[in-house]
Amino acid sequence: MPVTTQQLIQWKQQGRAIVALTAWDYAIAQILDAAGVDLILVGDSMAVMLGYKTTLPITLAEMLHHAKAVCRGVQRALVVVDLPFLTYQESISQAIHSAGRVLKETGAQAVKLEGGYPAMVETITRLVQAGIPVMGHVGLTPQSVHQLGLRQQGKTQETAERIFNEAIALEQAGVFSLVLEHIPADLAMQITQKVSIPTIGIGAGSHCDGQVLVTSDVLGLSERQPPFAKVYTNLRATITKAVQDYATEVRDRQFPE
Ligand code: KIV
């Protein structure tokens, strides 16, 4: 059965941990889906796989292109697509237009956008009223890299309170789930206990309702990983060895046999 937003909320109530990873193309999406990942995020962190230094340059057209490929590979997981920088902040109608294109053109079930109270509350309320499921994202928000850097957020009492209140405001605005990125574990735990929607942590400790990582980090494809990522295999080394073996065999005229 395909995973739904309601299913994620039920899993929170049942205490079943939610498994999320990012994907950027058909093959990766197919592998993650067949391996049982519950939620596949076409994250704008894909910018790094496209050679950009931050998530800011990626366009809606690029996100749509990759999201379509991901959706073609997925049968079960819920697919969520990031709205890229400045495709939803200008106005509510811009946000509805961008999110509407994601749902209409890709086959994804939901969008994610960064930011909290007050900036995003009305936008999220209107998207949800229009029938578009929205995932929130607070704490470290990489689209604000030039304001926040990539540091852990919520370390002082004041910033922790702000993030806590943002989480509550986003739940009230109607998000079905919330990404908590790079915040202290006890703050993530307090938010997780307070809200009735599932929290999906990345660098936010073990008390969230689910976890997400960037798949290129997990697979060892990224040039560098954030401190909270776990590298489960080193595909860079595996691919390099395979390519070198192939090159050697071609040069030695061993392949084709
Ligand atoms: O773009 C992305 O991959 C994300 C995750 C870090 C949650 O937003």
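All of the numbers you see were taken from the coordinates with simple rules; none came from a lab. Quantities reported herein were computed from a predicted structural model and do not represent experimental measurements. With ideal geometry, Cβ positions are generated from the backbone for all residues, glycine too; neighbour counts draw on all protein chains shown.
Key figures for this structure:
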item	result
Lys, Arg +1 and Asp, Glu -1 on Cβ, resulting dipole of the chain about Cα centre, debye, nearest 20	140 debye
Using θ = phi - 60° and Karplus 6.51 cos²θ - 1.76 cosθ + 1.60, couplings along region 104-115 (whole Hz; Gly, Pro as x)	6, 9, 9, x, 5, 9, 7, 10, 10, 9, 9, x
Gained length - Arg253 relative to Phe228, 0.36 nm times residue gap less alpha-carbon distance	4.5 nm
³J(HN,Hα), Karplus 6.51/-1.76/1.60, whole Hz, each residue of region 51-60, x for Gly, Pro	x, 7, 7, 10, 7, 5, x, 5, 9, 5
The chain: angle of helix 157-173 to the longest principal axis, Cα-based, in degrees nearest 10	90 degrees
Cβ-based exposure ranking for Arg72, Arg253, in which fewest neighbours within 10 Å come first	Arg253, Arg72
Residue order, fewest to most beta carbons within 10 Å, for Cys71, Cys208	Cys71, Cys208
Cα-based helix-to-principal-axis angle, 185-194 vs the chain, degrees rounded to 10	50 degrees
Nearby lysines by direct alpha-carbon distance to Lys104 (threshold 30 angstrom, same-chain neighbours under 8 apart not counted)	Lys12, Lys53, Lys68, Lys112
Per-residue Cβ neighbour rank within 10 angstrom, fewest leading, Val212, Val121, Val48	Val121, Val48, Val212
Region 17-23 - phi-based ³J(HN,Hα) in whole Hz, Karplus 6.51/-1.76/1.60, Gly and Pro as x	5, 9, 9, 10, 9, 8, 9
